[in-house]
Amino acid sequence: MSKAAAPVDASQTRPAPVPPVFVAHMEARWGDLDAFNHVNNAAYLVYLQEARLQWMQGVPDWHGPTGMPVVAAAQLNYRRPITWPERLAVRLACTRAGATSITLAHHIVSAGDPDCLYCDGYVVMVWVDPTTGQPAPLPASIRAAVTAPPTA
């Protein structure tokens, strides 16, 4: 008789790591704390936005009159609360580059202990023509940046 496999808790499974295209470092801010004395869940989105902006500022021509990125989807798995003070490392990795969009996986970890995972998930960014509101081609500089070795 064979033993049945133990059920897997999907909230604890982690996708295989993808090499990062960028790692941003930042501090958790005291003002980000909520009534439970840990970083409010909405602040995680701000950390991710800041990491994406830091990365894209190093990419030439990432936006312009024919296309700029908008967030089309965001998925966050809150793995453990961030307390203050804490120095964070936000790793961004591209898991898909399409004709008009990219999917960036993210991991928010402790800068002092990279095995201390606070949050993971992904964000889909679509380049949109600001005049028409329609999807625009992914800039060649972004496509090149998501296949380049990591920076920062």
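Within region 64-92, the set of residues being assigned to a loop (DSSP other than H, G, I, E, B) and either hydrophobic (A, V, I, L, M, F, W, C) or touching a residue at least 60 places away in the same chain (Cβ under 8 Å) (or both) comprises Pro65, Thr66, Ile82, Trp84. Restricting attention to region 22-42, the residues that are in a helix (DSSP H, G or I) and touching a residue at least 12 places away in the same chain (Cβ under 8 Å) total 3. Based on what the data block shows, is Leu48 farther than 25 Å from Thr131 by Cα and either aliphatic (A, V, I, L, M) or surrounded by 14 or more Cβ atoms within 10 Å (Cβ to Cβ) (or both)? So Leu48 passes the test. Of all residues in region 92-131, those satisfying the criterion of being of a type in the set (Gly, Ala, Ser) and out of contact with any Lys or Arg (no Cβ under 9 Å at 6 or more places or on another chain) are Ala93, Gly98, Ala99, Ser101, Gly121. Here the condition is being modelled with pLDDT of 95 or more and part of a loop (DSSP other than H, G, I, E, B); of Ala148, Ala99, it holds for Ala99 alone.
So in region 95-139, with the set limited to residues that are of a type outside the set (Ser, Thr, Tyr) and free of Cβ contacts under 8 Å to residues at least 12 places away in the same chain, which one is surrounded by the fewest Cβ atoms within 10 Å (Cβ to Cβ)?
Filtering region 95-139 down to residues of a type outside the set (Ser, Thr, Tyr) leaves 96-99, 102, 104-109, 111-117, 119-121, 123-130, 133-139.
With free of Cβ contacts under 8 Å to residues at least 12 places away in the same chain added as a condition, the list becomes 96, 113, 115, 133-134.
On the way: Arg96: 12, Asp113: 9, Asp115: 6, Gly133: 9, Gln134: 9.
Checked region 95-139; the qualifying residue surrounded by the fewest Cβ atoms within 10 Å (Cβ to Cβ) is Asp115.
Exactly one residue out of Ala105, Ala97 is of a type outside the set (D, E, K, R) and in contact with a Cys (Cβ under 9 Å, 6 or more places away or on another chain), and it is Ala105. Is it fair to say Arg143 is part of a helix (DSSP H, G or I) and charged (D, E, K, R)? Yes; evaluated as a whole, the condition is true for this residue. The single condition among (1) surrounded by fewer than 13 Cβ atoms within 10 Å (Cβ to Cβ); (2) over 17 Å from the mean Cα position of the chain (by Cα) that Trp84 does not meet is (1).
The values are calculated or read from the model by the stated rules, or taken from the named source; none is laboratory data. Since this is a predicted model, take the numbers as computed values, not measurements. Ideal geometry is used to build each Cβ from the backbone, glycine not excepted, and the neighbour counts take in all protein chains shown.
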